[in-house]
1. Report, by residue number, each residue of region 179-201 that is touching a helix residue (DSSP H, G or I) at 6+ places or on another chain (Cβ under 9 Å), closer than 27 Å to Leu63 by Cβ and not acidic (Asp, Glu).
2. Can you find, within region 65-98, the residue that is surrounded by the most Cβ atoms within 10 Å (Cβ to Cβ) among those that are more than 18 Å from the chain's Cα centre (by Cα) and touching a residue at least 12 places away in the same chain (Cβ under 8 Å)?
3. If you check every pair at least six apart or on different chains, which have Cβ atoms under 9 Å apart with a residue in region 42-58 that is in contact (Cβ under 8 Å) with a residue 12 or more places away in the chain and on the phi > 0 side of the Ramachandran plot first and a residue that is assigned to a strand (DSSP E or B) and acidic (Asp, Glu) second?
4. Name the single residue, out of those in region 156-197 being in a helix (DSSP H, G or I) and among the acidic types (Asp, Glu), that is surrounded by the most Cβ atoms within 10 Å (Cβ to Cβ).
5. Given the criteria small (Gly, Ala, Ser), more than 20 Å from Tyr31 (Cβ to Cβ) and within 12 Å of the chain's Cα centre (by Cα), does Ala140 qualify?
6. Please specify each residue of region 147-174 satisfying the condition of being touching a strand residue (DSSP E or B) at 6+ places or on another chain (Cβ under 9 Å), without any contact (Cβ under 8 Å) to a residue 60 or more places away in the chain and of a type in the set (A, V, I, L, M).
7. Considering only strands (runs of 3 or more DSSP E) fully contained in region 13-118, which possess at least 1 residues that are over 19 Å from Gln135 (Cα atoms) and among the aromatic types (Phe, Trp, Tyr)?
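Every number here is computed from the coordinates shown, using simple stated rules; none is lab data. Every value quoted in this text rests on a predicted model; they were computed, and no experiment measured them. Positions of Cβ are generated from backbone atoms using ideal geometry, with glycine treated the same way; all protein chains shown enter the neighbour counts.
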Amino acid sequence: MNISLDNIGKKFNRRWIFREIKFDFEPRGKYAILGANGSGKSTLLQILAAHQSPTKGKIQFSLEGEKIAAENVFKHLSLASPLLELPEELTYREILDFHSKFKQPIIPIKEIIALTSLTKDAEKQVRFFSSGMRQRAMLALAILFESGMVLLDEPTSHLDKNGVQWYKDILKQYLGERLLIIASNDPDEYDMCDTFLKIEDWK
């Protein structure tokens, strides 16, 4: 998966969040979008997921040289973000089964449940989950199902020390050759990345 940004900018009301970003995200790359809270990291990630459009400039998505229309990008990505919610009336197993109708699990559903340490809670509605349990479930949906790219926004929020290590372990083991983009200001979340885009450089 390749994403090309051609002088994009985003403005809310009369204020530019960022502008003139010219950058290419290459297949199999590991990128971190860095910046202070409120700097625009999550907004840029939403644009990369085609959930928002830039105010100016162009963004182009392609796979193996073939252009992908913005409305079809969702078929090729996985996203975990504090802006997203899990359907609270469903059980964890029901969410995994439903998600598997759209994206192929990398490992069997039973193993995903065990890997997230939620075996005893698999039949529990998500509305009864703690914030840490919800975060592990959301990360599992993003990392443990096939996609061309993985987008993660503050992936260790609500995780304790052991949860942070769990996140790093499953990302290392199951990311494979996918494009990875992490929006964060915590080095523990992006220490596997080797290319950095600093939002402050594009104000």
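1. Leu180, Ile181, Ile182, Ala183, Ser184, Met192, Phe196, Leu197, Ile199 - these are the residues of region 179-201 that are touching a helix residue (DSSP H, G or I) at 6+ places or on another chain (Cβ under 9 Å), closer than 27 Å to Leu63 by Cβ and not acidic (Asp, Glu).
2. So the residue we want is Tyr92.
3. Gly57/Asp6; Gly57/Glu20
4. In this case the residue turns out to be Glu189.
5. yes
6. Across region 147-174, the qualifying residue is only Leu171.
7. Here the list reads 15-25, 30-34, 56-63.
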